[in-house]
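A.B. asks: Provided herewith is a single structure, encoded as structure tokens, for subsequent inquiry.
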Amino acid sequence: MTTAPAHPDTEPRNALDRYFEITKRGSSFGAEIRGGLVTFVTMAYIVILNPIILSTPDVAGNVLDGGAVAAATALTAGVMTLLFGLITRLPFAFAAGLGINAYLAFSVVGSVTWPEAMALVVINGAVIVLLAATGLRKMIFDAVPVQLKLAITVGIGLFIAFIGFVNAGFVTSTGNPSPPIDLGVGGSVATIPTLMFVVTLLIGGVLMAVRAKGAILIALVAGTLLSAIIAAIWPKAGFAFDFSGGIVGVPDLSLIGQVDFGFDLGRVSVVALIMIVFTLIFSNFFDAMGTMTGLAEEAGLADKKGDFPRIKSALVVEGVGAIVGGGTSSSSATVFVESGSGIGEGARTGFATSVTGVLFLLAMFFTPLTALVPSAIAARSTRARRCADARADQEHRLQRLPRAAAGVPHRHRDADDVLDRQRHRRRLRQLDRRERALRAREDHPPAAVDRRRRLRAVLRPRADLGAVRLITASEEGSDALHPALSACPAPSSCPAASS
């Protein structure tokens with residue numbers, strides 16, 4: 001865990017510094033601005049990806065306008081990121097969560113309309129705010145085993161990865177009960193969009209391997225440019241680009257307030273609605289808290305129990321993000337793990353989060369560009385995002401594996417000392433077994449046995465080591481043996497060495 005140096009004795013430079021505790025957390029205005037900019041660059045892809053995911057027709061055949069969804073996504077991310085930064089003063093940015101928006105698009109809207117689905121998201125947010133305000137949310141989170149928390153993240157990741165394969169053309173629906181899906185189109189993946197998906201995935205994978213900032217966004221732009229070139233050379237390649245919308249435009253905010261709480265119970269039952277809300281709460285509940293805890297530890301803001309400053313306010317604001325996201329029809333807004341890139345650049349306070357929020361608000365005016373990205377290219381970002389999460393989960397588990405095998409509790413302050421003692425005892429047992437084996441061999445020279453004895457005596461701390469020469473400096477500067485060892489002519493004849 002990267003720990004930010006704290007300087008409690010340093011006086012803040014101004015009121016802004018005092019409010020965000022920038023100097024106190026060992027940061028600076030330059031580091032905060034740089035961290036907020038890097039966080040925005042790594043998160044900006046959500047403005048492109050979210051409209052593509054939410055483009056699924058609902059039960060009534062209605063489709064959300066892509067440009068309006070992009071503008072609502074940028075607006076929600078900007079407002080919630082600013083709100084979170086100002087209230088909690090933590091370096092965590094907000095945007096539409098990939099798990100919940102995929103669940104809405106591919107499961108929920110098959111039974112309800114989009115306005116009704118967004119109403120369910122608002123209800124989910126209200127329940128989360130209630131749980132967070134009463135403290136029940138953290139109590140439940142602490143009571144759930146870490147294995148289940150990781151399993152939830154992995155399950156959501158696999159679901160989104162499958163959606164990426166569908167959008168890329170690797171997997172298609174057969175329309176039959178069995179098998180329900182097929183590989184590619186008619187059993188073949190030999191299409192230009194699928195090829196561009198692979199190329200874009202490789203570009204993003206290389207960039208992420210070298211830890212390039214904004215790897216997903218750079219891969220999306222590169223894949224879109226390559227697809228535009230192919231479409232210009234080969235019009236039948238399967239790509240369609242429309243530049244009539246321009247680059248900059250007034251954001252379309254027509255989806256704000258498009259929420260319908262009048263559910264058609266003839267189409268969907270009350271039990272089904274309750275189960276949908278429960279699933280939304282379950283996903284939002286653990287995903288956000290796990291992400292916040294990990295980011296707080298990375299920023300050096302968490303204590304040994306995983307708590308961080310203003311944790312209750314953070315959980316309440318995260319629930320408000322679901323309410324605002326549902327009200328703007330952009331899906332639930334939650335904390336993004338990509339905030340870790342800004343933390344790596346030095347962000348430690350909510351000032352960096354405020355910088356990210358302002359940039360998202362400016363991004364609303366560039367949403368016409370989102371219509372240029374093909375779905376096959378955008379599908380690559382879902383795969384890369386899930387691979388990044390899976391890698392983080394794998395590293396997290398591998399770091400805990402030695403402690404778990406040794407029976408050391410999580411966040412044990414003396415965990416490394418306990419492991420060192422256990423390794424020492426194992427080494428002593430190995431030496432004992434080797435010495436017994438050497439004694440059993442009659443033709444083995446005694447000198448080898450003595451060497452094992454001396455090595456064992458050195459490794460095992462004891463008051464009288466026998467073979468260790470204790471040097472004491474006399475007043476004249478001469479060296480003399482310790483009196484206890486002066487009568488020990490050879491290591492093999494010492495009581496400690498032969499015991």
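A.B. asks: Under a plain spin-label model, where a point goes 7 Å from the Cα along Cα-to-Cβ, how far apart in nm are A133 and L225?
C.D. replies: 5.0 nm
A.B. asks: About the Cα centre of the stretch 301-347, how large is the charge dipole given +1 on each Lys and Arg Cβ and -1 on each Asp and Glu Cβ? Please answer in debye to the nearest 20. Intermediate results must be reported in sequence, preceding the final value.
C.D. replies: Values: 4 positive and 5 negative charges, 43 e Å.
With only Lys, Arg, Asp and Glu charged at Cβ, the dipole is about 200 debye.
A.B. asks: Dipole magnitude of the stretch 1-151 about its Cα centre, charges +1 at Lys/Arg Cβ and -1 at Asp/Glu Cβ only, in debye to the nearest 20?
C.D. replies: Dipole about the Cα centre, nearest 20: 360 debye.
A.B. asks: Right, another one. Points 7 angstrom from Cα along the Cβ direction at D264 and T174: gap in nanometres?
C.D. replies: Taking the two extended label points, one gets 3.1 nm.
A.B. asks: Another question about this same structure. Put +1 on the Cβ of each Lys and Arg and -1 on the Cβ of each Asp and Glu in the stretch 1-102; which of A93, G66, A44 then has its Cα farthest toward the positive end of the dipole?
C.D. replies: Among A93, G66, A44, the one farthest towards the positive end of the dipole of the stretch 1-102 is A93.
A.B. asks: Still on this structure, please answer the following. Long-range amide H contacts for V171: which residues qualify at under 5 Å (H placed 1.01 Å from N, peptide plane, sequence gap of 5 or more or a different chain)?
C.D. replies: Correct list: V166, G184.
Readers should treat all values here as calculations from the given coordinates under stated rules, not as data from a laboratory. Fair warning: this is a prediction, and the values are worked out from it, not measured in the lab. Neighbour counts run over all protein chains shown; Cβ positions are idealised from the backbone, glycine included.
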